[in-house]
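> I am attaching a structure below and will ask some questions about it afterwards.
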Amino acid sequence: MLEQKRVLATSIPGPRSQALQQRKLAAVSAGVGTGLPVYVEEAAGGILRDVDGNQLIDFGSGIAVTTVGNGNPRVVEAVQRQVADFTHTCFMVTPYEEYVLVAEALAELTPGDHEKRSALFNSGSEAVENAVKVARHFTGRQGVVAFDHAYHGRTNLTMGLTAKVNPYKLKFGPFAPEIYRVPMAYPYRWPTGPEHCAEEAFEEFVALVHAQVGEEETAAVILEPIQGEGGFIVPAPGFMKLVDDWCREHGILFIADEVQSGFCRTGDWFASDHEDVVPDLVTTAKGIAGGMPLAGLTGRADVMDSIHTGGLGGTYGGNPVACAAALAAIETMKADDLCGRARRVEELFRPRLEALAAKHGVIGDIRGRGAMLAVELVSDLEAKTPDPELTGRINKACHERGLVTLTCGTFGNVFRFLPPLSASDELLGEGLDILDEAFAATV
């Protein structure tokens, strides 16, 4: 296993990575961007080693995917064993136990103790798209309500649900119809202050849906319990519960998009657990399978079983190798108490982020839960003016020092922190030291 320490053998990116980047530009669509063009040849735990011999500390986990760490022994062994057995049959042609075992695990782990059913797919976008299909089929209604700052994917339907235009939606329309957008309960930016946010945002939500969609025409409301690409926005406490109760009152399905927030990332198995919300449908992906492509849609048995045979599926959905990886990743999450580990990560990060805020005066908000944390950068603390330019410069300074960091947010001014839960306290501390250096050198 790679030694869990940072190594700077060359500048970042090094010469071999730069050469590969030129080949990438000549062979790969310009539409596929690269945040940090260092080409990885090996990874383990919280370290990425590139082709130039640099070892970078990973604060991104491939966007919340390698929660159990790259090279996790259980995942590696399970994948190798399954590859040797068989790689594919298509579950819809000749099924296999691994798919069933993942569906059973999802029934156990997702919020609520009601009877559940699952279907497996390849990506979070597919899971969300199928959640909308199921909701419309079950309710006989068409309207779907999404929120400001939401991100739900890059397919045509999920682009319609996603809020931010550039880069996700720019010139890709028209999008799927009968999608409506309402304000998010965004405490930091709520006009009358965070203490009024939940109640007032809910009142606006109810009024807008009633006037623009109609309760009787609404199939589903889809919400990220902690928004991802939109800026790691944690809805004001109680807001999710109000929306969920309202949905239940009107026969509307509540879909929790847990693609980024699920599987121990927030200190609970799912972020909905923290709010005591039991969604009708839950979408999962990213951290579910230790880096293998897998996604799930899990929901009430009566809802999921309402779909006609053949209405759900896909050639690669629930691939046996990905399912084997998921079972090993879930075993690791349980055995190593990764929910507890995520809470420990927050204990390490929050004081350091608060110290940064006090020192530099450019951090307007610190938010998130567990190992899904963020800081929002502003040029004026009172006016809360977003500062994407400074965010980009600090991000570049982190990269140059061997720390993989990610930005996000509707305004491009949010740093998000998603370290692997297998990373040691010492490695995380070193990464935070680098973050301190980047701020000091840039602000």
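No lab work stands behind these numbers, since they all come straight from the coordinates. Everything numeric here is computed off the predicted structure, so don't read it as measured data. Quick reminder, even Gly has a Cβ in these numbers, built from the backbone with ideal geometry, and neighbours come from all protein chains shown.
> If you take every residue apart from residue 408 with its C-beta less than 13 Å away from the C-beta of residue 408, what net charge results, scoring Lys and Arg +1 and Asp and Glu -1? Intermediate results must be reported in sequence, preceding the final value.
Values: positive: 164, 367, 416; negative: 224, 229, 376.
Counting the neighbours of residue 408, the net charge comes to 0.
> Give me, ordered by chain and number, the residues 5 or more places off residue 43 or on other chains with an amide H under 5 Å from its own placed amide H.
49
> Taking the alpha-carbon distance from residue 5 and a cut-off under 22 Å, which lysines remain once sequence neighbours fewer than 8 residues away in the same chain are dropped?
Those lysines meeting the cut-off are 396.
> Moving on to the next point. If I model a spin label at residue 26 and residue 168 as a point 7 Å from the Cα along the Cα→Cβ vector, what separation in nanometres do I get?
3.5 nm
> Would you list 186, 316, 39 from fewest to most Cβ contacts within 10 Å?
Ascending number of Cβ neighbours within 10 Å: 316, 39, 186.
> Let me ask another. Based on DSSP, what percent of beta bridges with both residues in the stretch 74-335 are antiparallel, to the nearest 5? Show your work: numbers first, answer last.
Details: 10 of 24 bridges.
So the antiparallel bridges amount to about 40 percent of the total.
> Suppose R0 equals 35 Å. What FRET efficiency, 1/(1 + (r/R0)^6) with r the Cβ-Cβ distance, do residue 8 and residue 196 give to the nearest 0.05?
Details: r = 48 Å, r/R0 = 1.37.
Computed FRET efficiency for residue 8 and residue 196 comes out at 0.15.
> Roughly speaking, what is the centre-to-centre gap between the stretch 379-443 and the stretch 249-272 when only Cα atoms are used, to the nearest Å?
For the stretch 379-443 versus the stretch 249-272, the Cα centre distance is 26 Å.
> Once both labels are modelled 7 Å past Cα along the beta-carbon direction, what's the residue 383-residue 203 spacing in nm?
2.9 nm
> A further question follows. For the stretch 74-335, what size does the Cα cloud have along each of its three principal axes, sorted from largest down, in whole Å?
Reported extents, whole Å, longest axis first: 59, 40, 37.
> Which loop-located chymotrypsin sites (Phe, Trp or Tyr not before Pro) does the stretch 115-182 contain, where loop means any DSSP state but H, G, I, E or B and the Cβ has at most 15 other Cβ atoms within 10 Å?
The qualifying sites are 172, 175.
> Here is a follow-up. Would you mind checking the stretch 346-370 for residues with the amide N under 13 Å from a putative spin-label position 7 Å along Cα→C-beta of residue 440?
356, 359-360
> Once the other residues with Cβ under 14 Å from the Cβ of residue 347 are scored (Lys, Arg +1; Asp, Glu -1), what is the net sum?
On the way: positive: 341, 343, 344, 350, 352, 369; negative: 346, 354, 425.
Local charge sum for residue 347: +3.
> Can you give the translational diffusion coefficient of the stretch 288-428 in µm²/s, computed by Stokes-Einstein from the Kirkwood radius over Cα pairs at 4 °C and 1.567 mPa s?
Values: Rh = 18.1 Å.
It comes out at roughly 71 µm²/s.
> Which semi-axis lengths, in whole Å and largest first, follow from the square roots of five times the eigenvalues of the Cα gyration tensor of the stretch 240-365? Could the numbers behind the result be given before it?
Values: eigenvalues 200, 99, 32 Å².
Semi-axes (√(5λ), whole Å): 32, 22, 13.
> Separate question: Treat the count of other C-beta atoms within 10 Å as a stand-in for reagent exposure and order 359, 171, 133 from fewest to most.
Arranged by neighbour count, lowest to highest, 359, 171, 133 become 171, 359, 133.
> Please work out the Cα center distance from the stretch 14-40 to the stretch 124-197, rounded to the nearest Å.
31 Å
> Just to be sure I follow the definition: excluding the sites themselves, where is the longest run in the chain that has none of the GluC sites (Glu not before Pro) in a DSSP loop with at most 16 other Cβ atoms within 10 Å?
Details: sites that count: 3, 115, 178, 382.
Looking at the chain, 179-381 is the longest stretch - no exposed GluC sites (Glu not before Pro) with at most 16 other Cβ atoms within 10 Å.
> With a point put 7 Å past each Cα toward its Cβ, work out how far residue 305 is from residue 176 in nm, to one decimal.
In this crude label model, residue 305 to residue 176 measures out at 2.5 nm.
> Percent antiparallel among DSSP beta bridges with both residues in the chain, to the nearest 5? Please report the intermediate quantities before stating the final value.
Values: 34 of 50 bridges.
In the chain, DSSP labels about 70 percent of beta bridges as antiparallel.
> For residue 116, give me every one of the lysines with a C-alpha distance below 30 angstrom, ignoring sequence neighbours fewer than eight places off in its own chain.
Here the lysines satisfying the reach criterion relative to residue 116 are 133, 241, 286, 334.
> Grab the beta carbon distance between residue 114 and residue 358, set R0 = 41 Å, and tell me the FRET efficiency rounded to 0.05. Walk me through the numbers before you get to the answer.
Details: r = 46 Å, r/R0 = 1.12.
Efficiency computed from Cβ-Cβ geometry: 0.35.
> Just the Kirkwood number for the chain, please: inverse of mean 1/r across all distinct Cα pairs, in Å, one decimal. Before the final figure, lay out each step's value.
Details: mean 1/r = 0.0446 Å⁻¹.
That comes to 22.4 Å for the chain.
> Quick one: net charge around residue 384, please, counting Lys, Arg +1 and Asp, Glu -1 for every other residue with C-beta under 11 Å from its C-beta.
Numbers: positive: 189; negative: 365, 376, 380, 382, 387.
Summing Lys/Arg as +1 and Asp/Glu as -1 gives -4.
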